[in-house]
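Following: one structure in structure tokens, then a few remarks.
The values are calculated or read from the model by the stated rules, or taken from the named source; none is laboratory data. Just so we're clear, the structure is a prediction, and the values are computed from it rather than from any experiment. Every residue, glycine among them, receives a Cβ derived from its backbone with ideal geometry; neighbour counts consider all protein chains shown.
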């Protein structure tokens, strides 16, 4: 138990000290890692904990991003008010679309989430008068008390993301979270013990979307603009990549994956324009050789890091996790 | 929780960051010039030419030692994919990681509009050489953004004036517009419709078509338009889309049946579609080299461009070449590469370019350059048709009056 | 709108639907038999288009260059597909859904960049032979004469596939495998080899479709990301693994796009996704598909 606190402190310390020692460019990269990490962690609520692959999660990220963007640009609403509003709008969107999604499972679930994702994309893309269409929304700036410099916004993002992750952790370790695991492992049996599986799935879907919306809300002022591409299926693939890269069956896996992916992208794009090629190769290698992701790899190679009682991360063909 | 593993991981990351962080420092001597154009996506065709023009200019300047004879230009070329969010990201990377002092950007007006505040925030010069929406300079002006290409108002006015004349002559009544549904298409169409209404009041706009940017299948639009039998069609498409549209429309005999005056047909289209382009069409372009062969700088440029690339330069090569030389003259006037000094000197500056001696308007940093309207005709000197009977609509004749700009800015606040 | 214009839009939709059918046929086949959603399908389609450009370019002096380049593109793409199957797809037969999707998506990324590296970023334009440069008129409605060939090719592919599935031994095996892999395997027929040939056939179709697409407009990067989603919609609406479903699905999508552009241009794609979502909710296996075995 003592070790856990020690490592947590080290992590936080690193996060706090880094922006003062690395160049500005990398502070931007760190901010992006945090935002995408939250996005990926919210995705993992549906994927790792509930066992379903959603390929349209970016829709809720985008809805959150546009909510904040529109409110800040058109109505001068302060960012701190926009954040919970973005969570709300993303959640409402998920309530509507998720209602249909949770009636399906497996590949059908995946394709329906993708179709809904594209629906949201096209609505935002075509509604030129309201959202600016493919021009996107420009002129979203961090609030006065943060200013435009990199460090203050980084610390703000760090705070919000940490709170978000703690919230997600609490939810995933609560009875609700364990019900999700039960649904993942065997939905039929869970139904038999009296749980309304669809209703729980929908609730989880909404919660995951809300935190995706929160991540999206943080993105707008960081990037100074939002664009419809934030909702498309390629962007929905990002949290999938990151989670699989980091380790799909652990809570911090998505964050680790986000760090690896974002860092690599920042590095590789400085000397080649063929990042899609490189990232494609990396994903294939990860999926084929490192099924537990990076954290799973560490599990194998450095057993002293592994805690007793963790799953091995491997599943049998039915999506049930081995113990 | 797996704090242990995560921490071990992050410690590794930090070490790497440290190592790579150190490589971010660059010497002050070279002039880092960024180029963020739509190298893939709808803008690929024009952007590729633009890069060629830039490279030639940089070679020539570096052969003499660089800016002010001492600062060699280092080029950083990135692909904005003709998307605003990608463009913003790439330019931000260029600024923060590659420490550029100026960026030439973009093909797409939407991207240029998105990049403008970023360039302003980080105090980096931003030269728009291909994208030409008026909104880049009219509202929310940035002292760091300069446009060396005639903007949508100027272009729209130039061609609409020509078309209105023809419409009145021929007694046309109904017309249709087909324009790419994004910033440039909208801005231009808006302007054209206004001018046509003012100068040819008998005309009615029957319908507007808005294919999305990057549209590859125009069949439904072609057949839809032909079914309506308008007196003429005004087209506002560019680059890949324009080529696809014209090639596909041609196979329907579109241009034999319906007049298509005043649309953008640049040197790129003239060269690419030399065999299939309908002749005697009246068209519009932004910087055709053949209109200024009497100017020594243009003649030299064409000669060197042909020697290097084995083809004639399109408008985009001319404009981007001019962009680099504009920057050079700004640096020379300021006697320094310091961006603050350069931007102050570039305001209202007169420059010697391939297109002649031109001046920036102080109110919006828009170069008072010409738009070119002419008739597509074959010419024995070139392996592709060029414009005959060129009407060079000067900047001063086609610019938006300053009073209107001030009003628009007040309204935008 | 008069009858002629409506007919014109119909023809337009028919043509677009044929193109979609050619792309989606392979996708549907691969998914129906192998249970793998091939995200890379459109990238291979685009590669086929570029291949046909190269072949046409090499053989330009011959009059048949234009026509021959199309099936050649199919074979070239099939070769790439075969290698892909042997090296990579074989390893993911039994993997989880997300692993399969990520792998095929990564292949799509790699292929897109490979295309960029090989052919560069400039458009490729194929010049048509003289006889198909002018439009033909059907009941007064204009139609690009090349589209007649496209529609005929689409019909030929559809009939060919139907005949293959209905009357040949291999076709029977493939149809059985769509229904139940275990049974086919239990009959002693090697599933992996079936998979390889089905995948290769599917990619041949994609490459062939690319060759057909090439002379329409020009060939540019990024065409694949635009069409993959529409191909998914076709397969979802029609039903995975069903030839008839793919045909019907592509016609539906083609015509909906064509007519919606007339009165609600912004809404064309929105409508397609609403229809796709509706089918998934009400009848997930599509109009003509078989309910999924898990």
Checklist outcome for this item: Matching residues in segment A:198-215 (in contact (Cβ under 8 Å) with a residue 60 or more places away in the chain and either touching a strand residue (DSSP E or B) at 6+ places or on another chain (Cβ under 8 Å) or more than 24 Å from residue A:148 (Cα to Cα) (or both)) number 11
Checklist entry - Any idea which of (1) free of Cβ contacts under 8 Å to residues at least 60 places away in the same chain; (2) under 12 Å from residue C:24 (Cα atoms) is the one residue C:278 doesn't satisfy? => result (2)
Checklist entry - All but one of (1) within 14 Å of chain B (Cβ to nearest Cβ); (2) touching a residue at least 60 places away in the same chain (Cβ under 8 Å) hold for residue C:199; which doesn't? => result (1)
Checklist entry - What number of residues within segment B:155-190 are under 23 Å from residue B:218 (Cβ atoms), part of a helix (DSSP H, G or I) and under 17 Å from the mean Cα position of the chain (by Cα)? => result 10
Checklist entry - If you check B:246, B:226, which single one turns out to be buried (at least 20 other Cβ atoms within 10 Å of the Cβ) and over 30 Å from residue B:129 (Cβ atoms)? => result B:226
Checklist entry - Take the residues of segment B:362-372 that are within 19 Å of the chain's Cα centre (by Cα) and not in a strand (DSSP E or B): which is surrounded by the fewest Cβ atoms within 10 Å (Cβ to Cβ)? => result B:368
Item to check | Test for residue B:189: is it surrounded by 18 or more Cβ atoms within 10 Å (Cβ to Cβ) and either within 14 Å of another protein chain (Cβ to nearest Cβ) or within 30 Å of residue B:389 (Cα to Cα) (or both) | outcome: yes
Checklist entry - Looking at (1) modelled with pLDDT under 90; (2) buried (at least 24 other Cβ atoms within 10 Å of the Cβ), can you tell me which one residue C:290 breaks? => result (2)
Checklist entry - When the residues of segment B:335-347 are filtered to those that are within 17 Å of residue B:72 (Cα to Cα) and touching a helix residue (DSSP H, G or I) at 6+ places or on another chain (Cβ under 6 Å), which remaining residue is surrounded by the fewest Cβ atoms within 10 Å (Cβ to Cβ)? => result B:337
Next on the checklist: Which condition from (1) within 14 Å of chain B (Cβ to nearest Cβ); (2) touching a residue at least 12 places away in the same chain (Cβ under 8 Å); (3) over 21 Å from residue C:240 (Cβ atoms) is the one that residue C:23 breaks?
Outcome noted: (3)
Checklist entry - If we only count helices (runs of 4 or more DSSP H) wholly inside segment C:78-181, which ones have 1 or more residues that are surrounded by 19 or more Cβ atoms within 10 Å (Cβ to Cβ), modelled with pLDDT under 85 and within 20 Å of the chain's Cα centre (by Cα)? => result C:169-179
Item to check | Entirely in segment A:126-235, the helices (runs of 4 or more DSSP H) that have 3 or more residues that are within 14 Å of chain B (Cβ to nearest Cβ) | outcome: A:128-131, A:150-173, A:197-223
Checklist outcome for this item: Of the listed residues (C:210, C:217), the one being within 14 Å of chain B (Cβ to nearest Cβ), crowded, with 22+ Cβ neighbours inside 10 Å, free of Cβ contacts under 8 Å to residues at least 24 places away in the same chain and closer than 21 Å to residue C:115 by Cα is C:217
Checklist entry - Just to be sure, is residue C:50 in contact with a strand residue (DSSP E or B) (Cβ under 8 Å, 6 or more places away or on another chain) and either within 30 Å of residue C:11 (Cα to Cα) or at pLDDT 95 or above (or both)? => result yes
Checklist entry - Would you pick out the residues in segment C:84-134 that are within 16 Å of residue C:48 (Cβ to Cβ), in contact with a helix residue (DSSP H, G or I) (Cβ under 6 Å, 6 or more places away or on another chain) and facing chain A (nearest Cβ under 8 Å)? => result C:108, C:112
Checklist entry - What tally of residues in segment A:98-115 results from selecting those that are assigned to a helix (DSSP H, G or I), under 19 Å from residue A:44 (Cβ atoms) and at pLDDT 90 or above? => result 6
Checklist entry - Condition test on residue A:95, is it more than 9 Å from every other protein chain (Cβ to nearest Cβ), surrounded by fewer than 18 Cβ atoms within 10 Å (Cβ to Cβ) and either within 24 Å of residue A:42 (Cα to Cα) or in contact (Cβ under 8 Å) with a residue 24 or more places away in the chain (or both)? => result yes
Checklist entry - Mind checking which residues of segment B:80-123 are under 15 Å from the mean Cα position of the chain (by Cα) and either farther than 21 Å from residue A:230 by Cβ or touching a residue at least 60 places away in the same chain (Cβ under 8 Å) (or both)? => result B:82, B:103, B:104, B:105, B:106, B:107, B:108, B:109, B:110, B:111, B:113, B:115
Checklist outcome for this item: Restricting attention to segment C:28-49, the residues that are surrounded by 24 or more Cβ atoms within 10 Å (Cβ to Cβ) and assigned to a helix (DSSP H, G or I) number exactly 15
Item to check | Candidates B:350, B:375, B:359, filtered to the one that is crowded, with 17+ Cβ neighbours inside 10 Å and more than 14 Å from residue B:145 (Cα to Cα) | outcome: B:375
Item to check | Selection from segment C:242-278 of residues that are at pLDDT below 90 and more than 8 Å from every other protein chain (Cβ to nearest Cβ) | outcome: C:242, C:243, C:259, C:260, C:263, C:264, C:268
Next on the checklist: Going residue by residue through segment C:254-275, is there one that turns out to be crowded, with 17+ Cβ neighbours inside 10 Å and over 27 Å from residue A:115 (Cα atoms)?
Outcome noted: no
Item to check | Residue count, segment B:240-258 (criterion: touching a residue at least 40 places away in the same chain (Cβ under 8 Å) and more than 9 Å from every other protein chain (Cβ to nearest Cβ)) | outcome: 1
Next on the checklist: Against the condition assigned to a helix (DSSP H, G or I), facing another protein chain (nearest Cβ under 10 Å) and within 21 Å of the chain's Cα centre (by Cα), how does residue C:281 come out, does it pass?
Outcome noted: no
